[in-house]
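To start, the structure itself, in structure tokens.
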Amino acid sequence: MEHLPSAEAKMKKNRCFTCFDCPNCFHTLSVRATTRSLDDSQPKTSSKHYYLACFFCRWTTRDVGIPDQVAATGNWPVKENPHQELLTSFLDHYKIVAMRERSEKEKKPFVLRRGYTSYTEKFGLTNMIARKRAGLPSLPLAGKDINPANLPAITPCVASETVEPLSDTFFTEPPDLTKITTISQRHANPMLQAVSTSGLHPQHRHFYIKRSLRCRSCEHNVSKPEYNPGSIKFKIQLAAYYHMPEIRVMTFEPLMAGRSCEIILKLTNPTLHLTSLQFSPPAKNNKGGSVEVVSGDPPKKSIDVPQPVVVEGVNSKIELPICPVVLPPRDDAAEYDDTGDTHNFQDDPKIVVWRKGNKAAVKFIITPDDGLQPGTDVIFSFALEYGYVNTMQTVEVKQPQRAEMQVNVFIAPGKILGAIEE
Amino acid sequence: MATSSHGKDVRISQGAVVCMDCKLEGPITVGPRTVIHPKACITAEGGPIIIGENNIFEEQCVIKHKLDGETKGRPQTLNIGSNNVFEVGCIVLSKAIGDNNIFEAKSFVGPDVEVGHGCIIGAGVSLQLPEKLPDNVIVTGSQYNRTIAADRPPPQTLQLDFLTKVLPNYHHLRRPKDRPNVL
């Protein structure tokens with residue numbers, strides 16, 4: 001991971017100049033060292049030699065005959081693109097063509113204005129603008145000639161009729177799959193596209209970048225595409241994650257159609273204010289609240305996927321705890337406090353099975369509907385009411401506001417295992 | 001000795017480090033300088049298991065030698081070669097294991113797989129079909145990609161030295177029995 005401004009990253013072709021990818025399985029290669037005596041006659045003069053190895057698939061640079069390096073940072077040989085010269089000549093050619101077209105475009109609007117030269121001294125027109133007005137190329141091109149005759153010559157690619165014939169044994173011998181590269185291995189290095197595994201060559205690692213993410217309604221930038229890993233925070237800290245009680249599935253009994261089973265949900269209060277949770281049957285027309293979907297696996301699906309999740313039909317009945325559950329505020333220091341809880345909550349042990357800090361595990365009883373086929377996803381839902389303290393200061397209201405919020409929660413803990421045998 | 005379930009037919013050679021807390025069942029011979037971590041499980045149901053030198057059996061690994069249907073209950077010996085590493089949580093039911101193999105964490109090798117020499121079974125790889133693994137094969141990844149390495153993985157000498165030094169500090173060991181070397 002490196003701190004890089006985007007311009008520099010672009011200059012390095014978006015690749016890290018110190019790290020390499022395994023050409024076999026695309027993991028990052030690690031440097032390994034071996035001590036080896038230089039000469040058998042002088043066993044004492046040993047030196048360290050370094051090679052790159054993949055700890056995952058055990059591929060090493062020794063496999064493909066890349067010589068070991070004396071320095072750990074290595075000047076690792078990088079295989080040059082065999083068509084490099086041709087490509088650069090194309091690039092140079094088209095750069096100049098593009099510049100010429102651009103300068104011609106800029107020329108047109110000024111055709112009508114003539115006789116500007118008399119003003120140049122009066123108004124002190126800069127050299128730059130004068131050149132532009134005159135239809136001359138701006139400075140970057142100043143040294144180069146854009147005469148069409150002086151374009152760098154390019155040789156067009158020619159399709160050849162003759163293709164190297166396959167070897168005689170190609171159809172008769174079974175292929176040795178361990179020696180032939182896979183499609184993805186070839187595509188990972190498009191300029192070389194080695195056919196056999198002995199031609200694989202490590203490549204510089206691509207930079208990772210954060211994905212740009214905008215708010216769906218207000219179009220603010222929530223997460224900017226940056227190379228800098230130091231700023232991993234969201235630009236706007238208004239994600240529901242910081243304000244809503246978090247619900248996670250802890251454990252549940254095997255799900256059988258028509259049989260009630262216990263499910264234990266872990267509720268976490270992420271805010272700095274005490275809150276009280278109540279459970280009720282899901283509200284039908286709940287327009288104020290948003291819909292949060294917590295699926296059993298993976299648990300944070302709703303954050304990874306920005307698409308709104310389509311909620312399918314609920315197919316289970318649920319027995320909700322009647323009494324409210326109080327969650328104390330989040331306390332970062334409490335994580336390291338082993339002395340036990342100082343809070344004295346009068347919890348019904350039948351409902352709250354476990355409690356620590358701002359977390360509590362609450363027991364629910366769900367009954368998947370009769371006649372559900374094994375393998376169908378079980379979905380149940382309830383409405384979660386929680387007290388929320390709005391600390392955002394506005395012009396009118398300076399005091400924190402308390403509000404009762406209600407959201408519908410849909411949970412798909414898993415699939416039906418089987419029907420009960422009767 | 002509550003958890004020790006090894007009978008009289010477990011023979012431990014000099015220099016081997018076998019923790020008390022592992023499960024050894026049936027006639028098992030442990031070769032010199034072999035390290036068996038606590039919570040490893042080696043069961044010899046279908047005949048004796050003979051373990052060679054310099055092997056490492058890590059925690060929660062399961063080596064099972066089951067009765068084979070073909071041999072009609074006649075005991076067959078399972079020979080485990082030298083310099084093998086059985087990493088955490090691997091399950092090996094193989095009938096033959098050579099030298100210098102590495103069974104990475106959570107790998108599974110079925111009973112009809114013959115493991116040669118220098119094979120590396122990657123983490124999470126499950127081999128269930130009958131086959132004979134060629135030497136120096138490396139099976140890795142979710143697609144079980146196979147490659148053939150140029151040479152065998154190097155023996156874990158440093159790790160073995162470290163384990164033989166450190167394990168006795170924190171675990172009770174099974175002592176090798178003083179008895180003449182006769183089978």
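The values are calculated or read from the model by the stated rules, or taken from the named source; none is laboratory data. Just so we're clear, the structure is a prediction, and the values are computed from it rather than from any experiment. Note that each Cβ is placed from the backbone with ideal geometry, even for glycine, and that neighbours are counted across all protein chains shown. Areas reflect the complete protein model, heavy atoms only, side chains present, ligands, DNA and RNA absent. Shrake-Rupley method; radii C 1.70, N 1.55, O 1.52, S 1.80 Å.
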| field | Condition broken by A:Ser212, with the remaining ones in (1) at pLDDT 70 or above; (2) farther than 30 Å from A:Thr73 by Cα; (3) open to solvent by 70 Å² or more (accessible area, probe 1.4 Å) satisfied | value | (3)
| remark: The lone condition A:Lys13 fails out of (1) assigned to a loop (DSSP other than H, G, I, E, B); (2) modelled with pLDDT of 80 or more is (2)
| said: Could you list, ordered by first residue, the pairs with Cβ atoms under 8 Å in which the first is in region A:80-95 and over 14 Å from A:Met191 (Cα atoms) and the second is open to solvent by 60 Å² or more (accessible area, probe 1.4 Å) and β-branched (Val, Ile, Thr), at least 6 apart or interchain? | reply: A:Ser89/A:Thr155
| Could you say whether any residue in region A:134-141 is modelled with pLDDT of 75 or more and either touching a helix residue (DSSP H, G or I) at 6+ places or on another chain (Cβ under 9 Å) or hydrophobic (A, V, I, L, M, F, W, C) (or both)? | no
| Members of region A:159-187 found to be among the β-branched types (Val, Ile, Thr), part of a loop (DSSP other than H, G, I, E, B) and loosely packed, with under 10 Cβ neighbours inside 10 Å, listed by number | A:Thr162, A:Val163, A:Thr172
| Filter result (among the charged types (D, E, K, R) and within 12 Å of another protein chain (Cβ to nearest Cβ)) within region B:103-134 | B:Glu104
| request: For A:Phe207, work out the one condition from (1) within 14 Å of chain B (Cβ to nearest Cβ); (2) open to solvent by less than 100 Å² (accessible area, probe 1.4 Å); (3) in contact with a helix residue (DSSP H, G or I) (Cβ under 7 Å, 6 or more places away or on another chain) it doesn't fulfil. | output: (1)
| request: Go through region B:93-102 and count every residue that is away from chain A (no Cβ under 13 Å) and in contact (Cβ under 8 Å) with a residue 40 or more places away in the chain. | output: 1
| remark: Within region B:136-170, the residues that are buried (at least 16 other Cβ atoms within 10 Å of the Cβ) and more than 12 Å from chain A (Cβ to nearest Cβ) are B:Pro155, B:Gln156, B:Leu160, B:Leu163, B:Leu167
| remark: Scanning region A:51-77 residue by residue, the ones that are touching a residue at least 40 places away in the same chain (Cβ under 8 Å), assigned to a loop (DSSP other than H, G, I, E, B) and open to solvent by less than 70 Å² (accessible area, probe 1.4 Å) total 9
| field | Leading residue by the ranking (modelled with the lowest pLDDT) among those in region A:167-196 that are in contact with a Pro (Cβ under 9 Å, 6 or more places away or on another chain) and within 14 Å of chain B (Cβ to nearest Cβ) | value | A:Thr178
| said: Kindly evaluate B:Pro38 against the criterion of being in contact with a His (Cβ under 8 Å, 6 or more places away or on another chain) and either closer than 18 Å to B:Val10 by Cα or part of a loop (DSSP other than H, G, I, E, B) (or both). | reply: yes
| field | Members of region B:41-68 found to be within 16 Å of B:Ser94 (Cβ to Cβ) and assigned to a loop (DSSP other than H, G, I, E, B), listed by number | value | B:Glu45, B:Gly46, B:Gly47, B:Pro48, B:Gly52, B:Asn55, B:Cys61, B:Lys66, B:Leu67, B:Asp68
| query | Does B:Gly98 count as open to solvent by less than 30 Å² (accessible area, probe 1.4 Å) and either modelled with pLDDT of 95 or more or more than 26 Å from A:Ser184 (Cα to Cα) (or both)? | reply | yes
| So A:Lys48 clears everything in (1) in a strand (DSSP E or B); (2) modelled with pLDDT of 85 or more except one condition, right? Which one? | (2)
| Residue count for region B:110-135, restricted to those that are acidic (Asp, Glu), out of contact with any Lys or Arg (no Cβ under 6 Å at 6 or more places or on another chain) and open to solvent by 70 Å² or more (accessible area, probe 1.4 Å) | 2
